1. Which one of Thr19, Thr15 is among the β-branched types (Val, Ile, Thr) and loosely packed, with under 12 Cβ neighbours inside 10 Å?
2. Select from the range 108-156 the residues that are under 13 Å from Leu63 (Cβ atoms) and either charged (D, E, K, R) or in the same structural domain as Asp20 (by TED's automatic domain parsing) (or both) and list them in ascending order.
3. For Thr145, work out the one condition from (1) closer than 17 Å to Val24 by Cα; (2) modelled with pLDDT of 90 or more it doesn't fulfil.
4. Of all the residues that make up the range 134-155, how many are among the small types (Gly, Ala, Ser) and touching a residue at least 12 places away in the same chain (Cβ under 8 Å)?
5. Has the range 44-59 got at least one residue that is modelled with pLDDT under 90, among the hydrophobic types (A, V, I, L, M, F, W, C) and under 19 Å from Ala109 (Cα atoms)?
6. Return the residues of the range 1-43 that are under 18 Å from Ala109 (Cα atoms) and touching a Phe, Trp or Tyr at 6+ places or on another chain (Cβ under 9 Å); say none if nothing qualifies.
7. Please determine, by comparing only the residues of the range 1-12 that are of a type in the set (Gly, Ala, Ser) and farther than 14 Å from Thr48 by Cα, which one is surrounded by the fewest Cβ atoms within 10 Å (Cβ to Cβ).
Amino acid sequence: MTDEAFSQWFDALYTRYATDVIRVSYFYLGDRGKAEDVCHDAFVSLFTARPDLAPGSEKAWLLKVALNRCRDIWRSAWMRRVISGSPVFETIPGPDTIGQHLEKQEILAAVNSLPPDFREIFILHYYQGYGIGEIARIIDLPEGTVSSRLSRGRKRLEKILGEGSDGA
């Protein structure tokens, strides 16, 4: 691919997927600035590595790089000290009605309380629309593990959301 063609391809991917990468990263980290940094890192990796990607797999590649970077940040000692256990959580809302938005916030807050291994699968499955096989390829896990985490995560969410509604 010529430099001109690569530049056009890169710009088109950035226009199409940067918002998704930021949203997934923000959902994972809960910090807009860090999510933007992760998005930047993912696109810099794309620009410097120039991987030979099959058409249609670009978003999955970018999300994989972003999730790996999010995991690195989350695992850092600073993040564990400052963020772990913090109730801070916001969403980047899209067009929605108020009732649906409030319901989504409650669900997303519950998803955010899940352990990171469950959370990233929920983000990819419910928020980005990936199937189990696609998620398995993105995060390098067997499909059975992804399916199991999705199932166990649903049970945890039912319990979390059930507890929240009992007190109302």
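1. Details: Thr19 fails: loosely packed, with under 12 Cβ neighbours inside 10 Å.
Answer to the check: Thr15.
2. Scanning the range 108-156 gives Glu120, Glu134, Arg137, Asp140.
3. (1)
4. Going through the range 134-155 one residue at a time, the tally reaches 2.
5. no
6. Selection gives Arg23, Val24, Phe27, Tyr28, Leu29, Gly30, Arg32, Ala35.
7. Among those residues, the one meeting the criterion is Ala5.
The values are calculated or read from the model by the stated rules, or taken from the named source; none is laboratory data. These figures come from a predicted structure and were not determined experimentally. Don't worry about glycine lacking a Cβ; one is built from the backbone with ideal geometry, like all the others, and counts go over all protein chains shown.
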